[in-house]
Amino acid sequence: MTTQMIILNGGSSSGKSGIVRCLQAVLPEPWLAFGCDAFVDALPARMQASDEGIAFAADGGVSVGADFLALEAAWRDGLVAMARAGARIVVDDVFLGGAASQQRWQKALGELPVLWVGVRCTSAVATGREVARGDRTRGMAASQAEVVHAGVRYDLEVDTTHTESLACARTIAARVG
């Protein structure tokens with residue numbers, strides 16, 4: 001069966017967004033890209049620093065509430081619906097709940113063909129990228145580097161610590177069926 005979705009999971013500043021842009025360039029068919037950062041940016045301002053929405057702690061920790069989870073489920077279901085309608089979708093996500101986050105995706109996906117990709121990067125390198133970006137709460141990269149992968153099963157893993165986004169994208173593209 002032809003892959004309809006590619007879901008990349010990795011911590012903050014691990015290189016997922018760069019890989020997604022490169023995937024769109026190297027895959028022969030058009031793929032739409034959606035990321036959890038855009039989802040968070042789409043939330044009303046009052047939800048971007050609340051117990052019901054999403055909150056970023058000074059140490060880089062992230063917590064989400066019931067309203068966030070409900071809207072995230074709707075977002076996820078919407079992406080799956082687009083894939084079922086024939087669009088090819090690549091998702092850049094951060095599984096804050098590790099295996100539980102993947103299970104929520106699996107429930108929404110049903111039998112839809114998906115390629116699960118783990119994007120790894122050492123905490124030190126991701127932290128350096130986080131500082132250079134300047135748009136992240138310091139500490140997010142270090143706190144997420146491993147926890148997002150806990151219990152998650154992948155079809156493929158790439159490591160951006162020493163490998164460029166384009167090379168990672170080509171590795172992923174070779175697995176798209």
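Key figures
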read-out: Ellipticity estimate at 222 nm from DSSP helix runs (n ≥ 4, -39,500 (n - 2.57)) divided over the chain, nearest 500; value: -12500 deg cm²/dmol
read-out: The chain - Rg (one decimal) and Dmax (whole number), Cα, Å; value: 15.5, 45
read-out: The chain - share of DSSP beta bridges that are antiparallel (%, nearest 5); value: 15
read-out: Overall Cα dimensions of region 62-139, principal axis frame, Å, largest first; value: 39, 28, 21
read-out: Contact order normalised by residue count of the chain, Cα under 8 Å, 6+ apart, percent; value: 39
read-out: Residue-wise HN-Hα coupling along region 31-43, computed from phi with Karplus coefficients 6.51, -1.76, 1.60 (Hz; x: Gly, Pro); value: 10, 7, 10, 9, x, 5, 5, 5, 4, 4, 5, 7, 5
read-out: Carbon + sulfur, % of accessible area of region 106-173 - ligands and nucleic acids excluded, 1.4 Å; value: 51
read-out: Mean Kyte hydropathy of 0.0 or more with a Cα span along the axis of at least 24 Å, helices from DSSP in the chain; value: 66-84
read-out: Part-to-part distance (alpha-carbon centres) for region 95-134 and region 16-33, which is given in Å; value: 16
read-out: Qualifying GluC sites (Glu not before Pro) for region 76-172 [loop in DSSP, other Cβ within 10 Å: at most 16]; value: E111, E146, E164
read-out: Amide proton proximity set for G35, modelled H, under 5 Å, gap of 5+; value: D92
read-out: 5 angstrom amide H check on D159, placed H, neighbours 5+ away; value: R120
read-out: Per residue solvent-accessible surface (Å²) - the chain, probe of 1.4 Å; value: 49
read-out: Span from the region 149-177 Cα centroid across to the region 38-53 one, whole angstrom; value: 29
read-out: Charge tally in the Cβ shell below 13 Å around Q102, where Lys, Arg are +1 and Asp, Glu are -1, Q102 excluded; value: +2
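The values are calculated or read from the model by the stated rules, or taken from the named source; none is laboratory data. Note that the structure is a prediction, hence the values are computed from the model and not measured. As a convention, Cβ positions derive from the backbone with ideal geometry for all residues, glycine included, and neighbour counts pool all protein chains shown. Protein only, heavy atoms only, side chains kept; ligands, DNA and RNA dropped before computing areas. Shrake-Rupley method; radii C 1.70, N 1.55, O 1.52, S 1.80 Å.
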